[in-house]
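Colleague: If you scroll down you'll find the structure; I have some questions about it.
The values are calculated or read from the model by the stated rules, or taken from the named source; none is laboratory data. This structure is a prediction, so every number in the text was calculated from the model and none was measured. Cβ placement follows ideal geometry from the backbone for every residue including glycine, while neighbour counts extend to all protein chains displayed. Ligands, DNA and RNA are stripped out before the accessible areas are found, and what is left, the full protein with its side chains, is counted by its heavy atoms. Shrake-Rupley method; radii C 1.70, N 1.55, O 1.52, S 1.80 Å.
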Amino acid sequence: MRKIVPQFGVGTFRLTGQTVIDSVKNALDVGYRAVDTAQIYGNEAEVGQAIAESQVNRNEVFITTKIWTDHYAADKLIPSLKDSLQKLRTDAVDLTLIHWPAPSTGISVSEMLHNLLAAKQQGLTKHIGISNFNIELTQQAIAAVGVENIATNQIELSPYLQNQKLVEFLQAQQIDATSYMTLAYGKVLNDPVLLEIANHHQASTAQIALAWAIQKGFSVIPSSTKRENLIANLKAQDIQLSAEEMQMIAHLERNGREVDPEGLAPLWD
C-alpha cells in the first residue's frame, strides 16, 4: 500500500499564538517530523515561525495545510495557498487538503479538486487530498482527478467513531486514512476498557487509543501543549496490541461523532 502521509504527526487545531509555537517547536525537538495545520486555524504563520526557529531542516518536515471553504473557486484557491506558503515560510507544502466538502458553497467536488490539482501542477504542493469526505464524495474526487492524486482522506476516527465502511473503502482504494480527534476530545481517556488494556501495557489510555489507530493503518495527528505528552504520544508507536485487545476496542464503537458542522459536513456513511 502506498503511504504518503507520515504515520505520526503533530496537530495544531485550536492552538494559537505562543502556545502553538511552543507546541510545534517541542514536537520537532522530541522527534516529530510532520505538522498539520489549516487556513481556518489562524496559526499558519506561527507554525511557519516554529519550524523556521527549530533545529530541524524544512526538508525534513512534512507540512500539511487545508484550504478553507471560502477559497475553493478557481480565482481564489491558488492565491489563498500562496498566502499560506508565505505564512508557513516555504515554497511548497507537502500536502494540501480540501478541508470540508461544504455543499453549501455550490462548488462541485470536481471543480474544487481540479483547482487543487492545478496548485499541485504549479509546484505549490507535492501532494493533494481531501478531508471529511464520505464514500460518495470520495468517489467523485477520484472520478475528477484520479485516485493517484488523492493522498489521504483526513477524517474523524476514534475508538468511539470507527467509520468502518468509509475506512474499508479508502483502504481498498489505497488512500491513506488520517485520523483526527483520535481521543474524542479526551472522552476516551477514562474508558474502562482502554484503562484495562493500558494497565496491561503499563501505558496511558491516550497511548492505547493512538496505538489502536496506528495498528488500523491510520496516520495520526494528536496535539498537545505539554512536552511530556508529546513524548508520551510518540511512544504509542512502540505498543503492539493483541488481536483480542483490538477486538475489545472494536466493541467501543458508538458512532460518537464530535465534529459535524452544518453546511460543511456531508451525509455520513
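Colleague: List the pairs whose first member sits in region 169-193 and is touching a residue at least 12 places away in the same chain (Cβ under 8 Å), whose second member is polar (S, T, N, Q) and assigned to a helix (DSSP H, G or I), and whose Cβ atoms are under 6 Å apart, counting only residues at least 6 apart or on separate chains?
Modeller: Going by the 6 Å Cβ cut-off, the qualifying pairs are Leu189/Thr205.
Colleague: Another one. Output the residue which, of all residues in region 251-269 that are within 21 Å of the chain's Cα centre (by Cα) and among the aliphatic types (A, V, I, L, M), is nearest to Ser179 (Cα to Cα).
Modeller: Val259
Colleague: For residues that are under 21 Å from Glu60 (Cα atoms), in a strand (DSSP E or B) and among the β-branched types (Val, Ile, Thr), tally how many sit in region 81-114.
Modeller: Count: 2.
Colleague: Being among the hydrophobic types (A, V, I, L, M, F, W, C) and under 17 Å from the mean Cα position of the chain (by Cα) narrows it down to one of Ala198, Ala211, Ala203, so name that one.
Modeller: None of the others qualify; the one that does is Ala211.
Colleague: Now, a different point. Between Ser54, Ser110, which is without any contact (Cβ under 8 Å) to a residue 40 or more places away in the chain, surrounded by 17 or more Cβ atoms within 10 Å (Cβ to Cβ) and among the small types (Gly, Ala, Ser)?
Modeller: Only one candidate passes the filter, namely Ser54.
Colleague: Continuing with this model, one more query. The conditions are (1) open to solvent by 40 Å² or more (accessible area, probe 1.4 Å); (2) over 28 Å from Arg257 (Cβ atoms); (3) not aromatic (Phe, Trp, Tyr), and Thr125 fails exactly one of them. Which is it?
Modeller: All conditions are met except number (1).
Colleague: Let me ask something additional. So which residues in region 165-220 are open to solvent by less than 40 Å² (accessible area, probe 1.4 Å), out of contact with any Lys or Arg (no Cβ under 7 Å at 6 or more places or on another chain) and among the polar types (S, T, N, Q)?
Modeller: Thr178, Ser179, Thr182, Thr205, Ser219
Colleague: A further question on this structure: Are any residues in region 16-45 of a type outside the set (Asp, Glu) and open to solvent by less than 20 Å² (accessible area, probe 1.4 Å), and if so, which ones?
Modeller: Val20, Ile21, Ser23, Val24, Ala27, Leu28, Tyr32, Ala34, Val35, Thr37, Ala38, Asn43
Colleague: Pairs please, first residue from region 200-228 and under 21 Å from Lys25 (Cα atoms), second anywhere and open to solvent by 30 Å² or more (accessible area, probe 1.4 Å) and in a helix (DSSP H, G or I), Cβ atoms under 6 Å, 6+ apart in sequence or on different chains.
Modeller: From residues that are under 21 Å from Lys25 (Cα atoms), the pairs are Thr225/Thr19; Arg227/Asn26.
Colleague: Which residues, taken from region 145-168, are in contact (Cβ under 8 Å) with a residue 24 or more places away in the chain, in a helix (DSSP H, G or I) and closer than 20 Å to Ile4 by Cα?
Modeller: Across region 145-168, the qualifying residues are Val145, Val147, Asn149, Leu166, Val167.
Colleague: Can you tell me how many residues within region 115-144 are assigned to a helix (DSSP H, G or I) and either free of Cβ contacts under 8 Å to residues at least 12 places away in the same chain or not polar (S, T, N, Q) (or both)?
Modeller: The qualifying residues number 14.
Colleague: May I ask you to say which residue of Ser219, Ser242, Ser224 is in contact with a strand residue (DSSP E or B) (Cβ under 6 Å, 6 or more places away or on another chain) and hydroxyl-bearing (Ser, Thr, Tyr)?
Modeller: Only one candidate passes the filter, namely Ser219.
Colleague: For Ser104, work out the one condition from (1) open to solvent by 60 Å² or more (accessible area, probe 1.4 Å); (2) modelled with pLDDT of 95 or more; (3) hydroxyl-bearing (Ser, Thr, Tyr) it doesn't fulfil.
Modeller: (2)
Colleague: For Gln237, are the conditions met, namely being of a type in the set (S, T, N, Q), open to solvent by 10 Å² or more (accessible area, probe 1.4 Å) and in contact (Cβ under 8 Å) with a residue 12 or more places away in the chain?
Modeller: yes
Colleague: Val93 fails exactly one of the following numbered conditions: (1) out of contact with any Asp or Glu (no Cβ under 9 Å at 6 or more places or on another chain); (2) free of Cβ contacts under 8 Å to residues at least 12 places away in the same chain. What is the number of that condition?
Modeller: (2)
Colleague: Of everything in region 9-32, what is closer than 13 Å to Leu230 by Cβ, under 17 Å from the mean Cα position of the chain (by Cα) and not in a helix (DSSP H, G or I)? Give them in sequence order.
Modeller: Selection gives Gly9, Val10, Gly11, Thr12, Leu15, Tyr32.
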